[in-house]
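Okay, structure first, notes after.
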Amino acid sequence: MLLGLGLTLIPWESHRQFVRIYRPGFPGGELKDEPTARTFLSPDRDPLLRLPGVRQLALAHRDLTRWMTLHFVAIRQEEHKMFLATAIKEGMNLRQLRERGMLPADTYIAVDCVGAIPYYSELRTLDRLGLTDAHVAHSPMLREIMAHGKSATLEYGRERGVDLWSIDPVHLILPTNSTRMLVAIKDGFMTKRPYYAVDVGEMGYLICLLPRGIEATRARLPGVSIFSFGDSSFIQNFIARGRNSYQESLAVDPWNLRAARNLGYLMLLAEDYPSARHLYEVMTQYFPTLIEGHENLALCDDMLGDERAATAAAQQAMALAQKAGDAAAIERINARFASIRGTGGAPDRKGGMAGLTVPAAETGAARAAR
């Protein structure tokens, strides 16, 4: 009976409970950010798996599944299928850019997860993880993740003549309304990294490093506009395009939390605190237990000079963080709002990006790549 359960019920439950949205390294790589990962294959979800004796086996299987997928081992076919769909789309978009003359036919790109991208794009591609590159394959291991343990260096990319070095592990092209785009913006803005954006119209932006340097790349790619992340005109253009997109999404579905969070981030980035405050006020009404909503509402009130309202919102955020046992949020809230609680901290009034919490992205692949 136990053998029958192991060979039929658990695999069926693994398929039935698997998420329908692409989550890299699910469930192990998503335990921190995704509630469905924490309940995936829990014996409590099936009456047979709750039986004495069977429960212990089911728990052991669940724990091993978490450990293996955290290391990108035993990834289910559902995830591979969803990832393939993103890779095909990426490859086809790059091919369109090549066919339009925006990218030369001999453009050399570098990404982590090549898969179908070179096949559909027909662009020369450096596999940064070394599965198809002998130099990288013989380099030292950097992390214990199956097929993701090694990584090419930017210097090696420069030696090979790579034109576009993707910042995202997989996607060179990021839509304007992509959470990954927001993460890239914050990383480049806060760390002053030499990130560049290539405007590719309705597709969004091609976000990358330029191993050859900006002047050589502009000479190689005369059919596109290349902007530095430090260019204020690029940031303003990105904010305007993203803001319109998220507002349209919320007009259709006011419960779209991802769109609301990302729109709030853009408003704070633009230092439009009145608009951001209104959004976070509405967001906390729709999602009263969202720590981030109360936290950024406090930030808006603080920047607008309403210390009393800021204190109340910060206290609410702290209460929610403590109830959830979110140690990172507790530490962050304490650090950000020490001054308005009168505990002697220096006021953080740098605006926009100061202490800003970025909306959660699909971080499993990013963690693997890093």
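The values are calculated or read from the model by the stated rules, or taken from the named source; none is laboratory data. Since the model is a prediction, treat every value here as computed from it, not as a measurement. When we count neighbours, we look across all protein chains shown, and the Cβ atoms used for this are built from the backbone with ideal geometry, even at glycine.
Scan the stretch 271-292 for residues that are surrounded by 18 or more Cβ atoms within 10 Å (Cβ to Cβ) and either in contact with a Cys (Cβ under 7 Å, 6 or more places away or on another chain) or of a type in the set (G, A, S) (or both) and jot them down.
Hits for the stretch 271-292 are Y273, A276, R277, Y280.
Anything in the stretch 219-255 that is buried (at least 16 other Cβ atoms within 10 Å of the Cβ) and in a loop (DSSP other than H, G, I, E, B)? List them, or say none.
Hits for the stretch 219-255 are L221, V224, F229.
Please list, ordered by first then second residue, the pairs with beta carbon atoms under 8 Å, 6 or more apart or interchain, first in the stretch 47-67 and without any contact (Cβ under 8 Å) to a residue 12 or more places away in the chain, second among the acidic types (D, E).
R50/D44
List pairs: first in the stretch 75-93 and touching a residue at least 60 places away in the same chain (Cβ under 8 Å) and part of a helix (DSSP H, G or I), second surrounded by 15 or more Cβ atoms within 10 Å (Cβ to Cβ) and aliphatic (A, V, I, L, M), Cβ under 6 Å, 6+ apart or cross-chain?
Cβ pairs passing all conditions: A87/A116; A87/I117; E90/I117; N93/I173; N93/M203.
Tell me, which helices (runs of 4 or more DSSP H) wholly within the stretch 114-208 include 2 or more residues that are among the aliphatic types (A, V, I, L, M)? It would help to see each step written out before you state the result.
On the way: elements: 117-121, 134-137, 154-160, 179-191.
In the stretch 114-208, the matching helices (runs of 4 or more DSSP H) lie at 134-137, 179-191.
Based on this model, can you work out whether E281 counts as without any contact (Cβ under 8 Å) to a residue 40 or more places away in the chain, in a helix (DSSP H, G or I) and charged (D, E, K, R)?
Yes.
Consider only pairs whose beta carbons are under 8 Å apart and that are at least six residues apart or on different chains; among these, list those whose first residue lies in the stretch 252-275 and is farther than 21 Å from F234 by Cβ and whose second residue is among the charged types (D, E, K, R) and assigned to a loop (DSSP other than H, G, I, E, B).
A259/D253
Based on this model, can you work out whether F227 counts as at pLDDT 85 or above, touching a strand residue (DSSP E or B) at 6+ places or on another chain (Cβ under 6 Å) and aromatic (F, W, Y)?
yes
Hey, any hits in the stretch 124-133 for a residue that's exposed (fewer than 13 other Cβ atoms within 10 Å of the Cβ) and not assigned by TED's automatic domain parsing to the domain that holds I10?
yes
So E90 fits all but one of (1) of a type outside the set (A, V, I, L, M); (2) surrounded by fewer than 14 Cβ atoms within 10 Å (Cβ to Cβ); (3) touching a strand residue (DSSP E or B) at 6+ places or on another chain (Cβ under 9 Å); what number is the exception?
Going through (1) of a type outside the set (A, V, I, L, M); (2) surrounded by fewer than 14 Cβ atoms within 10 Å (Cβ to Cβ); (3) touching a strand residue (DSSP E or B) at 6+ places or on another chain (Cβ under 9 Å) one by one, E90 breaks only (2).
Please work out which residue is modelled with the lowest pLDDT, limiting yourself to the stretch 188-202 and to residues that are surrounded by fewer than 17 Cβ atoms within 10 Å (Cβ to Cβ) and touching a Phe, Trp or Tyr at 6+ places or on another chain (Cβ under 9 Å). Write out each step before concluding.
Narrowing the stretch 188-202 to residues surrounded by fewer than 17 Cβ atoms within 10 Å (Cβ to Cβ): 190-194, 201-202.
The next check asks that each one be touching a Phe, Trp or Tyr at 6+ places or on another chain (Cβ under 9 Å); those that pass are 192-194.
Details: K192: 74, R193: 81, P194: 88.
Residue satisfying both the conditions and the ranking: K192.
Output the residues belonging to the stretch 109-141 that are in contact with a Ser or Thr (Cβ under 8 Å, 6 or more places away or on another chain) and within 25 Å of R218 (Cα to Cα).
I109, A110, V111, D112, V114, I117, P118, L123, R124, R128 - these are the residues of the stretch 109-141 that are in contact with a Ser or Thr (Cβ under 8 Å, 6 or more places away or on another chain) and within 25 Å of R218 (Cα to Cα).
Considering only residues of the stretch 203-218 that are under 13 Å from L94 (Cα atoms) and without any contact (Cβ under 8 Å) to a residue 40 or more places away in the chain, which is surrounded by the fewest Cβ atoms within 10 Å (Cβ to Cβ)?
My answer is G204.
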